[in-house]
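Report on one structure; see the data block that follows.
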Amino acid sequence: MNFDDLKSQWVAYDAAVQSNLKNTLNVAAGWQKANSALQRLSRSVVIEMIIGLLTLAVLGGFLFDYYQEPAFFLPGLILHLFTIAQVAASGYQFAKLKELDFSAPVLASQMKLARLRRLRIRVVMWTLILSPLLWIPLLVVGMKGVLGVNIYALLNSAWLIANVLFGLAFIPAMVALSRYLGPRWQGSALVKSVMDHIAGDELKAMTAFLESLEQFEPEDA
């Protein structure tokens, strides 16, 4: 082997080493970015749980104070049950986040993340859909618990019932409008995201992505 051949092989070897090093750095940067994103998500979930637990404590005190007054107890109970569901969902997400292992196969990690993302989308979707029904209990409990004001004395029962019925009627209209405007919306990205959640488009997209991953899952997994 002459000097020119040795030089050519050395150049090729150096190029291969540089390429492998670059790929390794890219992978490391990708994992670092993913890890940072998961840490932010974990903090968000913890904050959600803390807020939820504090809300449960406040609502628990309200229920104890007015357990003999159904007009206040029932709205408080509705909010309490809704908050319990929110805290349970946050706790489940936190547990699943702790199960993530960066040393596990990439496909397994992607599927766990996709399932977690689908759960978060489902929670947001139902929170938005049910919000028209929650504002009346929130009004009753908030006015009584914070300001000590009996909302029933200020607003007649017919107005409250009409608003509950309006909320029930507004839900299907809100879903239909979101499905119609969502694909056509050219304005705020936040509004677009809200409509996609209400219409179920975000949930459908994540479910389709998860199904595409499951096609590559080993049968014995």
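The values are calculated or read from the model by the stated rules, or taken from the named source; none is laboratory data. Remember, predicted model here, so these are calculated numbers, not experimental data. Here the Cβ is made from the backbone with ideal geometry for all residues, glycine too, and neighbour counts use every protein chain on show.
Please tell me if Gly187 is outside any helix (DSSP H, G or I), closer than 30 Å to Phe64 by Cβ and either modelled with pLDDT under 90 or of a type in the set (S, T, N, Q) (or both).
Numbers: outside any helix (DSSP H, G or I): yes; closer than 30 Å to Phe64 by Cβ: no; either modelled with pLDDT under 90 or of a type in the set (S, T, N, Q) (or both): yes.
No; evaluated as a whole, the condition is false for this residue.
Quick check: is even one residue across segment 164-185 under 30 Å from Glu214 (Cβ atoms), surrounded by 14 or more Cβ atoms within 10 Å (Cβ to Cβ) and either in the same structural domain as Gly61 (by TED's automatic domain parsing) or aliphatic (A, V, I, L, M) (or both)? Reasoning before the result, please.
The first filter runs over segment 164-185 and keeps only residues under 30 Å from Glu214 (Cβ atoms), leaving 175, 178-179, 182-183.
Filter again for surrounded by 14 or more Cβ atoms within 10 Å (Cβ to Cβ), leaving 175, 178-179, 182.
Next, only the ones that are either in the same structural domain as Gly61 (by TED's automatic domain parsing) or aliphatic (A, V, I, L, M) (or both) stay: 175.
The answer is yes, given that some residue of segment 164-185 is under 30 Å from Glu214 (Cβ atoms), surrounded by 14 or more Cβ atoms within 10 Å (Cβ to Cβ) and either in the same structural domain as Gly61 (by TED's automatic domain parsing) or aliphatic (A, V, I, L, M) (or both).
For Ala114, indicate whether it is small (Gly, Ala, Ser) and either over 22 Å from the mean Cα position of the chain (by Cα) or surrounded by 14 or more Cβ atoms within 10 Å (Cβ to Cβ) (or both). Explain how you work it out, then say what you get.
On the way: small (Gly, Ala, Ser): yes; either over 22 Å from the mean Cα position of the chain (by Cα) or surrounded by 14 or more Cβ atoms within 10 Å (Cβ to Cβ) (or both): yes.
Yes: the conditions hold for Ala114.
Could you tell me whether Val87 is modelled with pLDDT of 90 or more, surrounded by 14 or more Cβ atoms within 10 Å (Cβ to Cβ), of a type outside the set (Phe, Trp, Tyr) and closer than 29 Å to Leu168 by Cα? Outline the logic, then answer.
Details: modelled with pLDDT of 90 or more: yes; surrounded by 14 or more Cβ atoms within 10 Å (Cβ to Cβ): yes; of a type outside the set (Phe, Trp, Tyr): yes; closer than 29 Å to Leu168 by Cα: yes.
Yes: the conditions hold for Val87.
Do we have Gly76 as surrounded by 13 or more Cβ atoms within 10 Å (Cβ to Cβ), small (Gly, Ala, Ser) and either within 19 Å of the chain's Cα centre (by Cα) or modelled with pLDDT of 85 or more (or both) here? Don't jump to the end; show me each part of the working.
Values: surrounded by 13 or more Cβ atoms within 10 Å (Cβ to Cβ): yes; small (Gly, Ala, Ser): yes; either within 19 Å of the chain's Cα centre (by Cα) or modelled with pLDDT of 85 or more (or both): yes.
Against the criterion (surrounded by 13 or more Cβ atoms within 10 Å (Cβ to Cβ), small (Gly, Ala, Ser) and either within 19 Å of the chain's Cα centre (by Cα) or modelled with pLDDT of 85 or more (or both)), Gly76 qualifies.
Can you tell me which of Leu79, Leu107, Leu113, Leu63 is in contact (Cβ under 8 Å) with a residue 12 or more places away in the chain and more than 27 Å from Gly200 (Cβ to Cβ)?
Numbers: Leu79 fails: more than 27 Å from Gly200 (Cβ to Cβ); Leu107 fails: more than 27 Å from Gly200 (Cβ to Cβ); Leu113 fails: more than 27 Å from Gly200 (Cβ to Cβ).
Within the list Leu79, Leu107, Leu113, Leu63, the selection yields Leu63.
For segment 125-142, state whether one or more residues are of a type outside the set (A, V, I, L, M) and not in a helix (DSSP H, G or I). Explain how you work it out, then say what you get.
Step one: filter segment 125-142 for residues of a type outside the set (A, V, I, L, M), giving 126-127, 131-132, 135, 137, 142.
Still in the list and also not in a helix (DSSP H, G or I): none.
Within segment 125-142, not a single residue is of a type outside the set (A, V, I, L, M) and not in a helix (DSSP H, G or I).
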